[in-house]
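The values are calculated or read from the model by the stated rules, or taken from the named source; none is laboratory data. Not measured: the values here are computed from a predicted model. Because the Cβ atoms are built from the backbone with ideal geometry, glycine has one as well, and the counts that use them run over all protein chains shown. For the accessible areas, the whole protein counts, side chains as well, though only heavy atoms, and no ligand, DNA or RNA atoms are used. Shrake-Rupley method; radii C 1.70, N 1.55, O 1.52, S 1.80 Å.
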Amino acid sequence: METRAPRWVERDELNRDPAMQDFVQSLIARFGRELSVAVARSSLAPHLFVSQGGHGVFFVNRRPNTVFAFAYAGPDERFAGAAGDLFEYAARGKLVANILEEEPKAKELAGLGYTSTPFGVMQRVPRLAGFSLEGTKMRRLRYQIGHYEKHERCETREYRAGSDPATDRTVAALVDAWKAGKKQIGPYVDHFRGRIASGELPGDCRLFLTYRDGQLDNAIVISRLPAANGYLMDLEFYGADMPLGGLEFAISRILELLAKEGVSCFSLGATFGTQMEACAEEDPRVGKMLRGLHTARIFNNDGNFQFKNKFRPENTRLYVSRSRDAPSASFTDVLMIFADPENRRQSRQEAPASAPATTTPAAPVLPPS
């Protein structure tokens, strides 16, 4: 891709430009991490910001006064420059830029004078070859897996979407049943359900189905992380009558299979709305807002965090970085992007006063542990 000035690329423009698509995919293959490949990214951050010289990209979304960068794909040494391009671009348009990143890059931005406020964590099993259910730390996980295994004929197997129409319909029905138990669902779920039902699962995704005595209990979609020789646990669907330990059983079986394939790492994904203790680099007004929402159990995913923690992952904190003089009220736009990523409401003023209460994190909401 030729060197050029920083620019914003709309989703429609990206869809019409094969060369740009190839460029983006090459960056993801070399540098992309979980938020770059997640199924939810196409909804939460459908647009693209290309940095100066085309060295890296941010996957972005916006509101009238706000820009939100959900993920970065590019060389680590180019990140600070790319972030500076985005902050400058937003400032010229009188917009407030917000960049979601893990601790090392967020700390780098804090060192340049930006605030970095805790927003959640990324949870990974970094060395699959060494993963084991043995030891006292895994006692709780073993108990729940054992509880599920007490039922007859429990098995997890990989399924190629489209290979059996009856199975495709069964999986789609499971997704519908899962949706029925949720207060709010991201639009990417319906889109993905359609792709499963039609047998058109993206090539970088794999689908695993878990059965109990012939009944489908859960379906897990994992997405490839080519830059890390790994996979991301991307989507999980399960029935209301799935016994305790069903997801734990399925995930442990998937980890065993991937380890045998020589896969290096497995990411349990991002969990937003947890582990948000105050830190020196944060915007204190935004931090206070988020912790208030957390206490009120509006922006609170502690249960999901605890569920994943049973696998003893490495946890890396996620931050949202922004300019020190950015108005704190504008951060509501970031929460509303999670609640309504495609901006189906015409304006913030049309949203009810309690709108942040419906904020849905990008990572799938897992059952409490």
If you keep only loop residues by DSSP, which trypsin sites (Lys or Arg not before Pro) in the stretch 62-153 have at most 13 other Cβ atoms within 10 Å of their Cβ? LYS94, ARG127, LYS150, ARG153
Which of the residue pairs LYS105/LYS288; LYS137/LYS183; LYS260/LYS308; LYS107/LYS183 have a Cα-Cα distance greater than 25 Å in the structure shown? LYS137/LYS183; LYS107/LYS183
Once R0 is set to 25 Å, what does the formula 1/(1 + (r/R0)^6) return for the Cβ-Cβ distance between ARG169 and SER42, expressed as a FRET efficiency to the nearest 0.05? 0.55
Which angle from 0 to 90°, rounded to the nearest 10, does the C-alpha axis of helix 187-197 make with the longest principal axis of the chain? 40
For the chain, with the dipole built from +1 on Lys and Arg beta-carbon atoms and -1 on Asp and Glu ones, taken about the Cα centre, which of VAL9, LEU201, ASN300 lies farthest toward the positive end? ASN300
About the Cα centre, and with charges only on the beta carbon of Lys, Arg (+1) and Asp, Glu (-1), how big is the dipole of the chain? Nearest 20 debye, please. 620
Which one, PRO284, ALA71, SER223, is farthest towards the positive end of the dipole of the chain when Lys and Arg carry +1 and Asp and Glu -1 on their Cβ? PRO284
Relative compactness, the chain, computed as alpha-carbon Rg over 2.2 N^0.38 Å: 0.98
Calc'd 3J(HN,Hα), the stretch 229-234, phi into Karplus 6.51 cos²θ - 1.76 cosθ + 1.60 (θ = phi - 60°), Hz, glycine/Pro = x, comes to 6, x, 9, 10, 6, 9
Quick one: compute the contact order of the stretch 1-137, relative version, from alpha carbon pairs under 8 angstrom and 6+ residues apart, as a percent. 19
Mean accessible surface per residue for the stretch 290-335, computed with a 1.4 Å probe while every protein chain stays in place, in Å²: 40
Taking the Cα centre of the stretch 183-297 as origin and charging only Cβ (+1 Lys, Arg; -1 Asp, Glu), how large is the dipole, in debye to the nearest 20? 200
For the stretch 271-317, state which trypsin sites (Lys or Arg not before Pro) are in a DSSP loop and have at most 12 other beta carbons lying within 10 Å of their beta carbon. ARG297
Carbon plus sulfur fraction of accessible area for the stretch 21-141, probe 1.4 Å, in percent: 50
Rounded to a whole number, what % of the accessible area of the stretch 177-286 do carbon and sulfur atoms account for, probe 1.4 Å? 49
Count neighbours as other Cβ atoms within 10 Å of each site's Cβ, and list the GluC sites (Glu not before Pro) in the stretch 1-90 that are DSSP loop with at most 16 such neighbours. GLU2, GLU10
